[in-house]
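Structure record follows, encoded as structure tokens.
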């Protein structure tokens, strides 16, 4: 992480009347990083991101974004960031290119609408009214609007929620492009695969608290969940003769004796020992799979909830 | 300045693409104009009454529906939320709404006066330009009032009720649709407290009596409209909300009365001087 974080959050609190939506969270985001806030609906993700965008005042704690205080330097901050909101709209009769030109005029610096339209594959739709766009096109326009001031920091609040899988993949591709351009991206999502695919680091947020933070791999490794090794052999194995492999917690042999599932806390070591044993037994290995705990497993383990709860 | 200009240009384009805007700004008042002009044609006074009624219909429609209801719609649909994430402040949006309304409305006024002159032989007002200035002030004042209503209404339902509470009394008791001289005494007192009364009377003074804006009563009407515009602009900026989730407390609705204060003061003044 660079010495000067793009975002620094300390003991951040947000209260609505008597409901504490964000309960004293801390995190930092480095320049060029794609940082994910992962959590179920109502976890506090949107409240956190909207405080950082300068859209809502915080109740307590400190936050700086690009060196600005989002509460006190709203306009300066908004001029420098790009935001793709979870729920938003444009006038039905506004044309795609007009929207980009209008929003571009609000910033001290803006990219050409032509360049953005071509990049976001909206050039053919430049003269179309907003009301005629499909869900995916509207979302691409929302991303184009977020990029209109060429921001170095982007906030994407659930950018693919409600979109079909193919369009979701398209949007993932666009976010990967932003990542390759070294832009800093803060992304909220409740799609595990989105966080795993796109994020350098993820904070798992639940009931207003960060319950885990790290790279997707670090979070998976921290998990107490067991990895599963699936072995398929050419000849049947003798269930009674199976050894106790190092770090193996449980073994299950299928009725045909050819498919074996071994659960392990240290799968690399266990797998190596299994391979050695199979070789000693003169068994022919036909297939092997190692399944590590997913981010979803980690999430369920930490929060006791499914992500879509 | 770039923001103001971009919003005004966009607002004009959007307005001209909406059939409802064309209907309520042009066709609806024109239907009234042709109907009443055909029935009442003949005398200068009657045609001035028809023109005044058509203009008042347009001004009130533009203020309450064009500015007020549209602002609530934009908030309810999440359009203002998209503006909120940009560095823009409420001022360009509010000023844009007022200026756009004026740009769209003024050609209609000129058209209406020319039609009254050429089709129904109404003499053109001596102070034609001053009449346009006066109507422009009225339009902007009523758009400011519409924007304040949008600021204090938490939902479209609330906004619609508030608009109707203002729209119909102003239409019926201002003298725009029925001659105020024929009102009973109690209604004449109420008539003095209706903001649209000053718009109607000012127009009639200029068109029928040939008065200019320098006449004392017209000066006062100009003053209250200016005060309403400034007060309405400041209050709607202060109470501006970008999202439908941001609710305003019930007592804030009293700000509408603050905007109307100049008209109340005028009503009291006239009560004691007539």
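Observations, loosely collected:
- Region B:225-268 shape via C-alpha gyration tensor axes, a/c threshold 1.5: oblate
- Peptide A:86-99 shows a mean partner chain C-beta count of 5 within 10 Å per residue C-beta.
- Rh (Kirkwood; distinct C-alpha pairs) - the protein assembly as shown, Å: 28.2
- As a proxy for reagent exposure, A:270, B:155, A:233 were ordered by neighbouring Cβ count within 10 angstrom, fewest first; the result is B:155, A:233, A:270.
- Value of D in µm² per second that Stokes-Einstein yields for region A:10-132, Kirkwood Rh from Cα pairs, at 25 °C (0.890 mPa s): 147
- Chain A - mean residue ellipticity at 222 nm from DSSP helices (-39,500 (n - 2.57) per run, n ≥ 4, rounded to 500): -9000 deg cm²/dmol
- Cα-based values for region B:81-168, radius of gyration first and Dmax second, are 17.2, 54 Å.
- Remark: chain B is approximated by an ellipsoid whose semi-axes, taken from the C-alpha gyration tensor as √(5λ), come to 31, 22, 16 Å, largest first.
- Prolate/oblate/rounded label for region B:47-199 (Cα gyration tensor, a/c 1.5): oblate
- Computed over region A:189-281, relative contact order equals 22 percent, with contacts defined as Cα pairs under 8 Å that lie 6+ residues apart.
- The calculated 222 nm mean residue ellipticity attributable to helices in chain B amounts to -24000 deg cm²/dmol, summing -39500 (n - 2.57) over DSSP H runs of n ≥ 4 and dividing by all residues.
- Quarter of Cα convex hull surface for region A:170-255, i.e. mean projection, nm²: 9.9
- Each of B:198, B:4 was scored by other Cβ atoms within 10 Å of its Cβ. Arranged with the fewest first, they read B:4, B:198.
- Relative counts (whole %) of C-alpha pair distances in region A:111-235, using bins that are 5 Å wide: 2, 9, 17, 19, 16, 12, 9, 6, 5, 3, 2, 1, 0, 0
- For chain A: relative contact order, % (alpha-carbon pairs under 8 angstrom, 6 or more apart): 19
- For A:96, B:163, the sequence from fewest to most other C-beta atoms within 10 Å is B:163, A:96.
- The alpha carbons of region B:1-130 stretch over 57, 27, 19 Å along the principal axes, in descending order.
- Relative contact order for chain B, counting Cα pairs under 8 Å that sit 6 or more residues apart, in percent: 26
- Prolate/oblate/rounded label for chain A (Cα gyration tensor, a/c 1.5): prolate
Each value in this text was obtained by applying a stated rule to the coordinates, not by laboratory testing. Quantities reported herein were computed from a predicted structural model and do not represent experimental measurements. Glycine gets a Cβ as well: all are built from the backbone with ideal geometry, and neighbour counts include every protein chain shown.
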